[in-house]
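Worksheet for the structure shown next.
The values are calculated or read from the model by the stated rules, or taken from the named source; none is laboratory data. Note that the structure is predicted; figures quoted are calculated from it, not measured. Ideal geometry is used to build each Cβ from the backbone, glycine not excepted, and the neighbour counts take in all protein chains shown.
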C-alpha cells in the first residue's frame, strides 16, 4: 500500500458511457501528491466526466481508481472528506451572498459557527472579495464568481482539488488572478487536477499534462515534452503590402519550412521549433526588403497540438468561451 | 458589478498570494458535521433565500387569503345555509388544502436547484447524504407554517371561534405541517424525475388538485354518489381534514391522528430514500 500513498490519483481503465456514447473510454492517470496535473482536451473529450468519477459524483461503468489512497467506489466518504471540487458551472449558490456561501460551506464541513464566520472573512479578504461580500453572487462578474468558487473549495483546505476549466470564459486579467491562486494553492501543498482546453494554461501551471481525446489519454508528459513533440509554436507575420506576400512566403519557406497563407491577404504563418529560429527568420525577411507590419510568435493552440498528435483537429465548439457548453453529459 | 476604472479594480481585487497562502495553512480539519447539523444548515440556506427574496412568501400568503375569502363567501350560503356556518366547516379544510398545495413548490424548487452548479458541490461534500433534501424540506416547513398561520388568523378575523381555542388551532396546524413534510417527499422525487420546473408544477398540481377536491375538505361526503364517497372516505386527505377539524373543535378521533401520522411516516420512508438515490445519481 505504501506506493499508493505517494500518489494522489491513480486511475486505471476508467470507463463511463451515457447511452450509446462512451464519454470516457479507458482513462489511466497517475498524479503524484503535491503536483498540478493538467488534463488537456477539447469539449466533449471526457474531462468533466473523468473529474466527476474521481470526485465520486458519477459512478464509473468500469475500471478503478484510488484517490489519496482510497478507492472511489468502496471508500467514497473518505474521498469526499479529502477533496474539493470546483465545477465547470460555478459551484456556488447564486441566490446567496459571497459571505453566506462561505459560511454555509464551513458549517457543512463541521466548522463551528463563529469560526466559520471568521474563516469566511479571512478568505473573502485573501481573494479580494471583501467589498462584494454582502452582495448576491448572481450579481458577481465571472472572475469574482470563479474566485469565490475556489475560496469555497478551500474553506477547509483539501488535500486534492479538482478544477474543471477554471478560466473558461474569463477575461485575461481575471484569468491571471485565478492562475495566481492556483500557484498559491500548489505552494501550500495542495494537489490539483486541472482540466483545461488551453495548452497555455496547462503550460503555465502544470507539472505534468495528459492530453485526452474521445475519452482516452492520447499523450502524456511534461509541458516541455509535449511542446517538443508538437513544435513550440507558430510565427504569424503581417505585411504592410499584400503584394509582397509571395516574396515573403518564399523567404520564410526557405528559413523555416511549409508556410500557410492566411485568409488575410497580407498575413502568413509558419510553424517553428524555437523562438531563436523565428527571430532570425523575421530579421532576414526584414533585411530582404519586405516591409513587416507586425509579427507574433504564438504557442501552439489546442488545435495544433491535436493536429500534431492525432492528425485531426480538436472539435472545439464555435464558441469556446461559453462556460455553459458541456457536451459531455446530458442534464441530470 | 459597477465599472470602476481599471487601475482601481486591480488594486482592490487582486488575489493576494501571500494572504491566500496564509489562508490555506491556517485550517486544521474539523470533525465531520453531524447529520442534524448539516440538515439544519441546509434549512438555514432556505431561510436565507427567503430573506433575500421575501416575495417568495407571496404565494404562501396571498393564495390562502384568496381561498378563504372565495370559498367562504361564494359557497357558504349555498352549501351550509350561511357563511358563518360554512366557515366552521371550511376553515380547517382550507388550511389542509393551502398547505398541501404549497408542498408542490418543494419539488419545483429542487428541480430548479439541480440546474445549478452548486448541487455538484453539495454532492461532493462529506455529509449525511439526505441532508440537503431534509434540510430544504425543513426550511419549506417554515413556509407551510406561514401559510397555515395566515389562514387561521384570517379565519379568526372573520369570526371563526372553534371549541378547542388557540391550543386546538396550533395542534391542527402542527399536524398539517407534519403531514405536508411527508407528502413533499413525493414531490421532491417528482422534482428529480421531471425535466423542468414547469413540468414538476404541472404534474404536481395534476395530482394534488383531484386528491384535495375529492376529499371532505369542501363538502360533507354524505351527499356524494356511492363510488365517489368510497374514494373520499379512504383518501388520507379526508382523514387529515377530519383530524384538523377534530383538533380545533376538541373532539378529535385518536385513530385519525394515528392514520395521518402513519401515512406521513410511510411517504417519508418510501420517498426519502428514493429522492436521496435520485439526487446522488450521476
Taking the criterion of being modelled with pLDDT under 95, surrounded by 17 or more Cβ atoms within 10 Å (Cβ to Cβ), at negative phi and touching a helix residue (DSSP H, G or I) at 6+ places or on another chain (Cβ under 9 Å), would at least one residue in region B:156-163 satisfy it? yes
Any residue that is under 23 Å from residue A:202 (Cβ atoms) and within 23 Å of the chain's Cα centre (by Cα) - is there at least one of those in region A:67-77? yes
Has region A:86-100 got any residue that is farther than 30 Å from residue B:50 by Cβ and buried (at least 24 other Cβ atoms within 10 Å of the Cβ)? no
Could you go through region A:55-69 and let me know if any residue there is in a helix (DSSP H, G or I) and either without any contact (Cβ under 8 Å) to a residue 12 or more places away in the chain or over 19 Å from residue A:191 (Cα atoms) (or both). no
Selection count, region A:132-151, where residues are facing chain B (nearest Cβ under 7 Å) and either in contact with a strand residue (DSSP E or B) (Cβ under 8 Å, 6 or more places away or on another chain) or over 19 Å from residue A:170 (Cβ atoms) (or both): 1
Filter result for residue A:281 (under 29 Å from residue A:225 (Cα atoms), surrounded by 15 or more Cβ atoms within 10 Å (Cβ to Cβ) and touching a residue at least 12 places away in the same chain (Cβ under 8 Å)): yes
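Here is a yes/no grid of residues against (1) under 30 Å from residue A:44 (Cβ atoms); (2) surrounded by fewer than 21 Cβ atoms within 10 Å (Cβ to Cβ); (3) modelled with pLDDT of 90 or more:
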site	(1), (2), (3)
A:207	yes, yes, yes
A:224	yes, yes, no
A:232	yes, yes, no
A:265	no, yes, no
Of the residues in region A:107-163, those that are part of a helix (DSSP H, G or I), more than 27 Å from the chain's Cα centre (by Cα) and touching a residue at least 12 places away in the same chain (Cβ under 8 Å) come to A:116, A:117, A:119, A:121
Yes or no: region B:55-62 includes at least one residue that is assigned to a helix (DSSP H, G or I), surrounded by fewer than 23 Cβ atoms within 10 Å (Cβ to Cβ) and within 11 Å of another protein chain (Cβ to nearest Cβ). yes
If only one of A:155, A:211, A:237 is within 14 Å of another protein chain (Cβ to nearest Cβ) and either closer than 27 Å to residue B:126 by Cβ or in contact with a helix residue (DSSP H, G or I) (Cβ under 9 Å, 6 or more places away or on another chain) (or both), which one is it? A:155
For region A:8-31, which positions are out of contact with any helix residue (DSSP H, G or I) (no Cβ under 8 Å at 6 or more places or on another chain), under 13 Å from residue A:191 (Cβ atoms) and touching a residue at least 60 places away in the same chain (Cβ under 8 Å)? A:8, A:31
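Please tell me if residue A:294 is exposed (fewer than 13 other Cβ atoms within 10 Å of the Cβ), assigned to a strand (DSSP E or B) and at pLDDT 85 or above.
Yes; evaluated as a whole, the condition is true for this residue.
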Residue list for region A:65-76, restricted to those being within 14 Å of chain B (Cβ to nearest Cβ) and touching a strand residue (DSSP E or B) at 6+ places or on another chain (Cβ under 9 Å): A:67, A:68, A:72, A:73, A:75, A:76
Please pick out the residue among A:46, A:62, A:41 that is surrounded by fewer than 18 Cβ atoms within 10 Å (Cβ to Cβ), more than 14 Å from chain B (Cβ to nearest Cβ) and either over 22 Å from the mean Cα position of the chain (by Cα) or over 26 Å from residue B:31 (Cα atoms) (or both). A:62
Condition check: within 14 Å of chain B (Cβ to nearest Cβ), crowded, with 20+ Cβ neighbours inside 10 Å, in contact with a helix residue (DSSP H, G or I) (Cβ under 7 Å, 6 or more places away or on another chain) and farther than 26 Å from residue A:289 by Cβ. Does residue A:184 satisfy that? yes
Any residue at all in region A:92-103 that is closer than 30 Å to residue A:22 by Cα and facing another protein chain (nearest Cβ under 7 Å)? yes
Checked against (1) touching a helix residue (DSSP H, G or I) at 6+ places or on another chain (Cβ under 7 Å); (2) more than 24 Å from residue A:305 (Cα to Cα), residue A:250 satisfies every condition except (1)
